[in-house]
Structure formats: C-alpha cells, structure tokens
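Contents: one structure, followed by commentary.
The values are calculated or read from the model by the stated rules, or taken from the named source; none is laboratory data. All figures in this text were calculated on a predicted structure; none of them were measured in a lab. Here the Cβ positions follow ideal geometry from the backbone for every residue, glycine too, while neighbour counts run over all protein chains shown. Surface areas here come from the heavy atoms of the whole protein model, side chains and all, with no ligands, DNA or RNA. Shrake-Rupley method; radii C 1.70, N 1.55, O 1.52, S 1.80 Å.
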Amino acid sequence: TDVVNYSHDSEIGAITYTANLLGNRPRVMDVCVPKIHEETGVSIHIPSCTESHEEGSILNNLKIFTHQPHVTPEGEDKLDELGLMSLRNRPPWWNVELGAFVLNFGGRVSVASVKNFQLCDRADHDNIMLQFGRIDGRHSFTMDFSYPLSPLQAFAIS
C-alpha cells in the first residue's frame, strides 16, 4: 500500500445527505473518507484532485458506489481498492411514547436535535465510530469517535 502525505489541495472526505421530501423519516447521511494506515497513522493514498466533479474525487466515488440502498460487494471492493471507507448514519427507531425518532447515545447526549447523529459501517450498525449530539442549550455539543477515524476526520465530519 502506498502512503502519502496530503498537500493543501487534497480532499479529506465527502459527505452527502439524502433528503426525505415528505418529512416523515430522517435524512440519510453518507460519509466517505480515506482509510488511515494502521502502522503510520497517515491516510492511505487516493487520487488527488481539487474539483469535486473530477472522475477520481472522493465525492464522485461516494456517489457511484454508495448511493444505493445496499452497496454491492463490487462497490465495497472498489472503495477498498481506492483506500476509502464508507460510513452511514445509524438509522433511528420510532418511539411511540415520544412520538419521535430516537437513538441511544448511552447517556452522552441529553437534548433532542436534528443535528444529533451516529456514524457506523454500512454493514455493521452496532459498531459506532462517531457520535455527535447536543448536550445543553444551542451551542453545546459532545463528540465521541474511535478508530478507524482520525481526530481530524471526526472533527471535520462533525
């Protein structure tokens, strides 16, 4: 595997939202970021570009390989070959008593907000890699993340 240091014009990831026009279900958030090399902690090499519409961009790869209800094994293999990792927000469930969609933040989030989210591997919703949520007032949030995300990736996504 090639390892490269990023210059100032390299992409660090892409995020897309699939809106629900009816408003009766939460949005879907897809995230694609370069994988981090286990030994060096440096991003695994991907094609560098400065415009999001270029064929090799992270955003283009995210649109091609992950904007499907179920990513095909070929799509996951292609992202892996490019040194990319695809994440999706964990789907909330409907709480009849509250009349709202909810997620379990393990006590780390205390205020309901449309900004609250949990990111996990598309195939494993139990492995939460990043969670972000409101804890108090309008401007107080908490963020928890774990490997394989780097601190830069976690803050950039949040």
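Our coupling estimate for the stretch 108-114, obtained by passing each phi through the Karplus curve with A = 6.51, B = -1.76, C = 1.60 and θ = phi - 60°, is 7, 10, 10, 10, 5, 7, 5 Hz, Gly and Pro reported as x.
Amide H to amide H, with H built 1.01 Å from N, residue 141 comes under 5 Å of 135, counting only residues 5 or more places away or on other chains. Scanning residues 5 or more positions from residue 11 or on other chains, those with amide H under 5 Å from its amide H are 49, with H placed 1.01 Å from N in the peptide plane.
Over the stretch 83-145, accessible surface divided per residue gives 58 Å², non-protein components excluded, 1.4 Å probe.
Loop-only check: which GluC sites (Glu not before Pro) in the stretch 74-134 are DSSP coil with at most 10 other Cβ within 10 angstrom?
Values: sites: 74, 76, 81, 97; in loops: 97.
Taking the stretch 74-134 and a limit of 10 other Cβ atoms within 10 Å, the loop GluC sites (Glu not before Pro) found are 97.
Amide H contacts under 5 Å for residue 84: 35, restricted to partners 5 or more places along the chain or on a different chain, H placed in the peptide plane at 1.01 Å from N.
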